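First up is the structure itself, then whatever we jot down about it.
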Amino acid sequence: MKTVGVVMGSASDAPVMEGAVEALGEFGVPVEVRVLSAHRTPDDTLEFARAAAGRGMGVLIAGAGKAAHLAGVLAAATSLPVIGVPIDSGGLGGLDALLAMAQMPPGVPVATVAVDGARNAGLLAVRILALADDDLAAGLEKSRQAMATKVRAADEEIRSRYGAGDGS
Ligand code: RP5
């Protein structure tokens, strides 16, 4: 199975990026987790991106805050799909990082999730890998069903607590 590279701009991003690692772990997807900064270690970042496909990675997830160029720089140096996780590092509440990732120029796409939305980044990476992996696709389907079952149970509980709209 392909590996997913989970990259963050600073170790201070780790508590958020844990969400992606956890989601990937639930599906048994191997990860390589790194701290690489587009600004502080630009050479290491480019070297990682250029080698990623050849080293067996299938998707890259990049989390960064503030002037968050990490995902864009990775996407500029590899043809692998790159998913950006804008991180709320204070100040502008993550809007700064969200715009830096989502507003990429034509030709260099970054699939951007919500501010601090690392879990969805992990799940999106699983969906991408599942296109070429039947076991992963089956696991995803099972997990969607399990999520629906949970919501139906919550619906049942709420309806019994507040009534079903028929005055009962
Ligand atoms: C960004 O600046 C990092 O991704 C992090 O979100 C933010 C703050 O970094 P530190 O000052 O905590 O290293 O580059």
(message) Can you give me the orientation-averaged projected area of the convex hull built on the Cα atoms of the stretch 23-66, in nm²?
(response) 3.7 nm²
(message) How tilted is helix 42-52 with respect to the longest principal axis of the chain? Cα atoms for both, answer in degrees (0 to 90, nearest 10).
(response) 70 degrees
(message) Cut-off 10 angstrom, C-alpha nodes, Gaussian network model of the chain. Which of Pro106, Pro86, Pro30 fluctuates the most?
(response) Pro106
(message) Tell me the mean residue ellipticity at 222 nm calculated for the chain from its helices only (DSSP H runs of n ≥ 4, each -39500 (n - 2.57), averaged over every residue, nearest 500).
(response) -15500 deg cm²/dmol
(request) Return the single residue from Glu156, Glu18, Glu47 with maximal mean-square fluctuation; model: Gaussian network over the chain, springs between Cα atoms under 10 Å. (result) Glu156
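Could you work out the Kirkwood radius for the stretch 89-168, taking every pair of different alpha carbons, averaging 1/r and inverting it, reported in Å? Spell out each step's value before the answer.
On the way: mean 1/r = 0.0613 Å⁻¹.
It works out to 16.3 Å.
Report, as a whole number in µm² per second, the diffusion coefficient that Stokes-Einstein gives for the stretch 1-48 at 10 °C and 1.306 mPa s using the Kirkwood radius over alpha carbon pairs. Could the numbers behind the result be given before it?
Values: Rh = 11.4 Å.
Taking Rh from Cα pairs, D becomes 140 µm²/s.
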(message) Tell me the angle of helix 134-162 to the major Cα principal axis of the chain, expressed in degrees between 0 and 90 and rounded to the nearest ten.
(response) 40 degrees
(request) Any chance you could give the angle, 0 to 90 degrees and rounded to 10, that helix 118-130 forms with the longest Cα principal axis of the chain? (result) 80 degrees
(message) For the chain, what are Rg and Dmax over the alpha carbons, in angstrom?
(response) 18.3, 67
(message) Compute a Gaussian network model of the chain, connecting alpha carbons closer than 10 Å, and tell me which residue from Thr149, Thr78, Thr45 fluctuates the most.
(response) Thr149
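No value in this document is a laboratory result; all are computed from the given coordinates. Predicted model, so just to flag it, every value in this text is computed and none were measured.
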